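First the structure, in the form of C-alpha cells, and then the observations on it.
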Amino acid sequence: MKVVGLTEFGGPEVLRTFDLPTPTPEAGEVRIKVFAATVNPADFYLRDGRSAGAVARFRPPFIPGVEAAGIIDAVGPGVGDRLQVGDRVTAHVMPLTQRGGAYAEEVVTLAKWTVKAPRGASFVEAATLPMNGMTALDAVEKAGARSGAVIAVVGAAGAVGGYAVQLAKAAGARVIADAAQRDRQLVRSLGAEMILDRGPGLADRLLEAHPGGVDGIVDAAGYGGALLRGIHTGGSYVFVAGGLRDEDVRYARENSIELQSVYVTNIPDSERMLEQLRRKVEDNELTLRVQRTFPPEEAAQAHALLAAGGTRGRLVLEFRAETE
C-alpha cells in the first residue's frame, strides 16, 4: 500500500511516498480503506521532530495523520456488530505507533475511535470531523456550555474554534467569539451572537461586552493567561492550544477558576462523542468545512500551506476518488 511518511525530521520537504505492507487489525481494531485524510497542525509534531522521543522505538518511515474517512475492509476480534466490513466511516487515528497514522491507503485504528460517516457527507468532508470535533465537544462541555451560559470562543474562525462555536450554540449557550475583520461573516454564520476584535486586549473587550466575566472560555488560539480576567469567579478556562505560566495558575486558584486542557486520546467516552458529532452534522448543527484537497504526492505543499496560516477550512489528502 502507498503511504506518506518520513525517515528524517524537518520541514514539509521531508514528506514522501513509500510502499509498505497492509496492516492487520488486532483485538478491538478496524482496518479502513482510506479515501481521505486531513492535514492538521498536530501532524507537524511528528514531521518536525517534536514527537521524536515518542517514535524513537519504531522503525521509519513515520506516518503522520490523525483523521481519516473511508470504508472498513477488515474487523479485528471483539469489535462487535456496531461496525462491519463495508461501512462508510470516519475515524481518529494515533500516528505514534509502529503502524503509523492516517496518511495511508489502509490504516488500522481503534473501533472506539471510529463511527459511521454522517449521511450525505463525502469522504473528504467526513474526514474533518473526528479529532477536531471531539476536541471542540470536550472543550465546550468542560467550559460549561449549557442553556443560559455565556461562553467565549477564542480562535473562532479555525477548525476547532468553528466547531466550538456551533457546539456551544447547540448546547443552548450564548457565544461571544473573536475574529479578524475578514472572518467576521464566517464566525457570525456559525452562531456567535457577539464578535470581538482579535489581538491584544481581548480580555478587556470581553469584560466591556459582558461585565463581570463569562462563564467559560474555550481558547483554541493559545492566548493563555491574558484571558483569565475575562472569566468570573468560579468559571472555567479550557485551553486547546498553548499553555499557562505559574502566575496564571496562581491567579486561577485565587479566583476559583477551573483550568482544563483537552487531549483527544485521553477522552474516555470517545464513542459517545463521535456518535453525537455525527448526529449534529446530520441535523445541520455542525458544518464540515474543507478548503482544498491534494493528492498524497503533494502532502508537502499541503503542510506548507497550513503552516503559512490563514486557512479557514481543512486541507485534505485524497487517496482515492469518491467513486472508487
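The table below lists the values:
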| read-out | value |
| --- | --- |
| Residue check for Glu285: modelled with pLDDT of 95 or more, of a type outside the set (A, V, I, L, M) and over 24 Å from the mean Cα position of the chain (by Cα) | no |
| Residue ID - surrounded by the fewest Cβ atoms within 10 Å (Cβ to Cβ), chosen from residues in the range 233-252 that are farther than 15 Å from Ala139 by Cα and of a type in the set (A, V, I, L, M, F, W, C) | Val249 |
| Hey, Gly162 within 16 Å of the chain's Cα centre (by Cα) and at pLDDT below 95 or not | no |
| Selection within the range 1-27 - among the small types (Gly, Ala, Ser) and surrounded by fewer than 15 Cβ atoms within 10 Å (Cβ to Cβ) | Gly10, Gly11, Ala27 |
| Qualifying residues in the range 84-95 (those that are part of a loop (DSSP other than H, G, I, E, B) and surrounded by 18 or more Cβ atoms within 10 Å (Cβ to Cβ)) - the one farthest from the chain's Cα centre (by Cα) | Asp87 |
| Conditions (1) farther than 23 Å from Arg88 by Cα; (2) assigned to a strand (DSSP E or B): number failed by Gln291 | (1) |
| Residue among Leu196, Leu186, Leu207 that is in contact (Cβ under 8 Å) with a residue 40 or more places away in the chain and either part of a helix (DSSP H, G or I) or not polar (S, T, N, Q) (or both) | Leu186 |
| Residue match in the range 259-279 (condition: modelled with pLDDT of 95 or more, part of a loop (DSSP other than H, G, I, E, B), over 15 Å from the mean Cα position of the chain (by Cα) and more than 17 Å from Glu125 (Cβ to Cβ)) | no |
| Residue in the range 279-298 that is assigned by TED's automatic domain parsing to the domain that holds Asp19, touching a Phe, Trp or Tyr at 6+ places or on another chain (Cβ under 7 Å), under 23 Å from Val14 (Cα atoms) and touching a residue at least 12 places away in the same chain (Cβ under 8 Å) present | yes |
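The values are calculated or read from the model by the stated rules, or taken from the named source; none is laboratory data. For clarity, every value in this text was computed on a predicted model and none was experimentally measured. Counting neighbours? That spans all protein chains shown, and the Cβs are built from the backbone with ideal geometry, glycine included.
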